[in-house]
Each structure stands twice: as C-alpha cells, then as structure tokens.
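What follows is a set of notes on a single structure, which appears directly below.
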Amino acid sequence: MDGDFEKKARDNLFRESSEVSGVKIEGYDFNKGVNWEEIIKNFRGAGFQASNLSRAIEIINEMIENKAFIFLGYTSNQVSSGNREIIRYLTEHKKVDVLVTTCGGIEEDIIKCLGNFVLGDFNASGRDLREKGINRIGNIFVSNNRYVEFEKFVQPILKELYEENKIINGWDLIWKLGEKINDERSILYWCFKNKIKIYCPAITDGALGDNIYFFKLRNKDFILDISKDIEEFNNTTIGLKKSGVIILGSGVVKHSILNANMLRNGADYAVYINTAEEFDGSDSGALPSEAVSWGKILPDALSVKVFADATIVFPILVAETFGKK
C-alpha cells in the first residue's frame, strides 16, 4: 500500500513534460559594471513587467519606424508629476501627432507655469492641509493660491474668445491657453506653436471647468461646443495608413482614443501603462485583447499592457524610443 502511495505521488510530482523554447529568463550581471543601456536591454529576459516594458519599447520603435500617426493619451496625474516635462519634450519636437488628456492635464500644465508644485507626503493629514490651503495629489503638494492665479489668467481669455465668437470649441480654448501662457516649459505652448491638436473630452471638469462655470453664470449665451471636438477628433483616425496609441493611465482618455480608432476598425499598435485591473469589467482595466473584440485594436496589431507606475517606466520608455530618434 505504501508503495502505491509513493508511486502515485512520484508520478504526479515528477510528471514528464514538453520542453519550452523562447527567451531565456536571466537577470543582468553586475559583475560587468553599471551599463544602463545593457540593463534595459536585459529587461526582455527578466520576466514579469520588465519584459512587458521591453515589449512596449519594441512596439513604439516600430510605430516610429513605420511612420504611424501617434495618439498620446495621459491622465492629469502625469502632468502633476515630472512626466509633464517628458510630454513637453515630445510636443516640442513633434514626436507625437495628437494628445488626449483630462481637464487636470490642461490646467495643471498652465498652473505649473504660475508656480511650483512640491514634494509632499502620502500620509499627510488631510485636515491639516485643508486648514493651510494646501491641496494634495498623492505625495505632491499644491498651494491653493495657484488656483486663484489660474482664475486670473483664464477669465480674460474666456472673455476674449467670447467676444470674438460666442461659440468656441475645446481645442481652440486649449491652444489659446498655450498661446497666452507663452512659456516654453508648457505642453500647451508647444501644442499651439507646433499646431498639435490636444483634445480634452472632460474639459468641464476640474479648475478649468470651474472657470467655465463662473464665466457662464455671467454670460448665459456663451457656448463651448464639445460636439465640434469629437467630430474633428474622430475624423483624425479615418484613412490613416498606420495608427499607434500610447496611453498613460486609463478612464476617459483611454476610451476616447480607442473609440476613435474603432472608426477605422482598430489601431495597428497599442501600448498601455496603468495599474488598473479588469476583474470589475471596467474599460480602465481592460486588456488590449478586450479592445480587439470591439474593433478598437486590430486583431494582428502589436500591443502590450505594462502594469506599472508611469512615473517610473515612461522616462525609460521615451529614452529608448523617441529620445534616440
């Protein structure tokens, strides 16, 4: 009887298997010294998200090589963080063709020209910060004075646009903000200067939305025509030879870009960087394979999702792609 138990246990434990071919899993050997280029190249065989990041680098380089029309989407926290300067670099040098962001991604770019954001603490007391008039974005602190200054900057611009034409569209307003700030540190400035369209499907959210609200209270016939934005944005995808999407974060930014690409039957390349999971059925957490089912990404497209904080991996991604071209 004991022999039978042993045989069954051994048969299950030491089951014969097929050999697996592919990239060998191996880490960087620091006996070779510190060679950052080789360390990043080694990500390919490191496994887990390092390998996904390596795949993202390959896909973006192919986008560039094949002259794909590149949509860059990012949530507002990317502008709150140091990734703002990286996105500014991409617009300054015309590395991407269209931007899509949330309202915070618009206003915080301008607000940073008016004053600094500073490193704070994730564990800071919300009560204490509120009493001091300090807003917390993760571990980044922003004085509420910045929003007072932002209102002083925005209201005359809204008035100018209103007096020119009572109906304006979103990207018109965004370009005007970039023109008026006239600051080379600004993403919006370079979008205006290089005529890169920047769309904000949630433009009435956030501090910019607050300013629109207050302006509308005093000017009832003021109209912000968001339907014009969606018409022009969706039209950009139709007829493209190659379409590539790079999306930092998720939510409305992610869906807007993918939905527009559905009109051309899907993007050719897709790179997601976010930490959202798909168990709840949200589009935020949805993998590229789900987007294929909708026709947002082509079935034979090159795609990958990197589960990571974009403040860590996006600088590496740009260094190994756009930064080298």
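For the reader, a short list of remarks on this structure follows.
- Counting the residues of region 8-57 that are at pLDDT below 95, among the polar types (S, T, N, Q) and either within 35 Å of the chain's Cα centre (by Cα) or assigned to a loop (DSSP other than H, G, I, E, B) (or both) gives 3.
- When the criteria are applied in full, residue 57 meets the requirement of being closer than 30 Å to residue 239 by Cβ, surrounded by 18 or more Cβ atoms within 10 Å (Cβ to Cβ) and in contact with an Asp or Glu (Cβ under 8 Å, 6 or more places away or on another chain).
- Candidates 184, 164, filtered to the one that is modelled with pLDDT under 95, surrounded by fewer than 18 Cβ atoms within 10 Å (Cβ to Cβ) and not hydroxyl-bearing (Ser, Thr, Tyr): 164
- Filter result (crowded, with 17+ Cβ neighbours inside 10 Å, modelled with pLDDT of 95 or more and farther than 18 Å from residue 76 by Cβ) within region 167-181: 175, 176, 180
- Of 290, 277, 232, all but one fail to be within 30 Å of residue 167 (Cβ to Cβ), surrounded by fewer than 20 Cβ atoms within 10 Å (Cβ to Cβ) and over 15 Å from the mean Cα position of the chain (by Cα); the exception is 232.
- Looking across region 191-226, just one residue is modelled with pLDDT of 95 or more, surrounded by fewer than 21 Cβ atoms within 10 Å (Cβ to Cβ) and within 18 Å of the chain's Cα centre (by Cα), and that is 197.
- Selection status of residue 146, of a type in the set (Lys, Arg) and either farther than 21 Å from residue 82 by Cα or surrounded by fewer than 18 Cβ atoms within 10 Å (Cβ to Cβ) (or both): no
- Residues located in region 66-110, provided they are in contact with a helix residue (DSSP H, G or I) (Cβ under 7 Å, 6 or more places away or on another chain) and at positive phi: 94
- Among the criteria (1) surrounded by 10 or more Cβ atoms within 10 Å (Cβ to Cβ); (2) of a type in the set (Phe, Trp, Tyr); (3) modelled with pLDDT under 95, the one residue 5 does not fulfil is (1).
The values are calculated or read from the model by the stated rules, or taken from the named source; none is laboratory data. What you see is a predicted model; the values in this text were computed from it and never measured. So basically every Cβ, Gly included, is an ideal-geometry build from the backbone, and we count neighbours across all protein chains shown.
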